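Written out below as structure tokens is the structure these notes cover.
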Amino acid sequence: MTEITVLRPDQADPIVSTLELARRGPLPERPVVGLISNGKPLAKEMLDALLTEIREHLDRDVDVEHLVKPSAAYVITAEQADVMAVRAHMIISGLGD
Amino acid sequence: MQETITLDADLVQEEFFDQGWTDGLPIVPPTRDRVDAMLAAVVTDDPDTLIGFLPARGRGVSIQQAAINAVMAGCRPEYFPVVLAALEAVFDESFNLHTVLTSTGGAAIGIIVSGPIASEIGMNSRHNVLGQGNRANATIGRAVRLVAMNVLGSKPGETDASSFGHPGKFSLCFAEDPPPSPWEPIRRQLGYELEDTTVTVIPVEGPHQLAQQLTDSTEDVLRSFACSIRHPAWFSTGKGGHGVLLLGPEHAGFCLHSGWSQAEVRQYVYEHARVDVDELQATGVHLEQNSQHDMSAGIDGKIPSINSPDDILVVTAGGEGAGWSAWLPSWAPTKHAYRSTRRVRPTGEPLPDCGPDGCIVPWMR
């Protein structure tokens, strides 16, 4: 058997830092739901439908923090993520089309 | 440093297929000698220097990884500076590589080479320019796709979510046929020097051939092309897209003989690619509302298929025939991803000193 030594063309999966999970505390009487729309058609309608389900599931009213991306092709900025994390008790990121 | 593996030489192709390291075609095994020969075409003290980095994927591409995949693609070492320039260009923020490689739209990475290096390495700019048969055209484009697959993890069924894709995803690379004076080659249109060689990358849908064979009227030729550009079922129609208009010798000749500049060609095509909202809806297209695309009509009742005249890259290419040109439509409107261009550093020219973090483009620092 003739052997050949080659270089691997791929890359190992990136090392992901261990992240601390968000606290799972009791929800306040009026929680804040973050909605991140990717800007595609019907994204708002889909997120609103989910919000209605959440209200019924929790059996309480909620406040809403909206974020609409100007382009589905870009991720939200770190600053936007930080603001959303501070303000919202739960976040839904939605895909339109 | 890249790992090595030792394989039975008779089974090396099967192993690469099994590992998912190919595009479905056999590869040239990347031995140390072959990779070193590729690296010798560029001047670098450290082959692990990063060409670019994708934060969304936590992955970057080193010069050595590019060389390994260029060997696999079948590149000759003298092609490698062009491969590197193409990879540098796709890491430009405007190109939005992460989404280009992810979208269900299934974009190819179109690669257009303008300048003396294109002919020095034997690239094709003439007959069958978008087809098979030229090693440099085929393997430079293939190398970039293999890097996307193997190094950036863009594989079908994983992060490459293409619903269809198209044959250009194997390779879509060609050279510009230098236009007759007073028209200027791409690199001059984009502000580079005539003696430079540039690589322009653009995320594109499949090419569409355009026929106009019974007229030498510049207006008739370009008006019919604009009608094709505003095709109702193309994603960018009415949303401000961009693209490459490849003018064949006959059609470019009609424009030149009529005294049209390249800017006038762009302006005329841009205006005639605007689409009437009623006409678009009559074809069954539903206009987006409250979305990322503003599809509200202008005062002329129309919406733009091309974002602006400058968003049409006019390129002369192709061979003489009955009268053919081609349109390479952008995969998405300009707001999502755009073309970018880099100068090719000729063999022997040092890479820029970017410090200990490597040659990462500024926006990622």
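Bear in mind that the values in this text are calculations on the coordinates, not laboratory data. Predicted model only: the values in this text are computed from it and were never measured. Neighbour counts run over all protein chains shown; Cβ positions are idealised from the backbone, glycine included.
Looking at the protein assembly as shown alone, DSSP beta bridges between its own residues are antiparallel in about 60 percent of cases. Taking amide H positions as modeled 1.01 Å from N, with prolines and chain starts lacking one, the residues under 5 Å from residue B:160 and 5 or more places away or on another chain are B:155. Bridging of residue B:155 to lysines at a Cα separation below 23 Å is possible for B:169, once same-chain residues fewer than 8 apart are set aside. Summing charges over neighbours of residue B:294, with a neighbour being any other residue whose Cβ is under 10 Å away from its Cβ, gives +1 when K and R count +1 and D and E count -1.
Relative contact order for segment A:32-94: 61 percent, from Cα pairs under 8 Å spaced at least 6 residues apart, divided by residue count.
Are there GluC sites (Glu not before Pro) in segment B:139-206 that DSSP puts in a loop and that have at most 12 other Cβ atoms within 10 Å, and which ones?
Counting only loop positions with at most 12 other Cβ atoms within 10 Å, the GluC sites (Glu not before Pro) in segment B:139-206 are B:158, B:193, B:195.
Each Lys or Arg adds one and each Asp or Glu subtracts one; over the other residues with Cβ under 14 Å from the Cβ of residue B:171, this totals +3. Under 5 Å from the amide H of residue B:316 lie the amide H atoms of B:177, B:247, each residue being 5 or more positions distant or on a separate chain, with H modelled from the backbone and absent for Pro and chain starts.
Helix A:43-58 and the longest principal axis of the C-alpha atoms of chain A enclose an angle of approximately 60°.
What the phi angles of segment B:2-10 give under the Karplus curve with 6.51, -1.76 and 1.60, with θ = phi - 60°, is a coupling list of 7, 5, 10, 9, 10, 10, 5, 4, 6 Hz, glycine and proline written as x.
Cross-link partners for residue B:239 among the aspartates and glutamates, with Cα-Cα distance under 20 Å and sequence neighbours closer than 8 places in the same chain left out: A:97, B:205, B:271, B:276, B:278, B:279, B:288, B:294, B:300, B:310, B:311. Working note: 222 nm ellipticity from helices only, DSSP H runs with n ≥ 4, each -39,500 (n - 2.57), summed and divided by the residues of chain B, gives -8000 deg cm²/dmol to the nearest 500.
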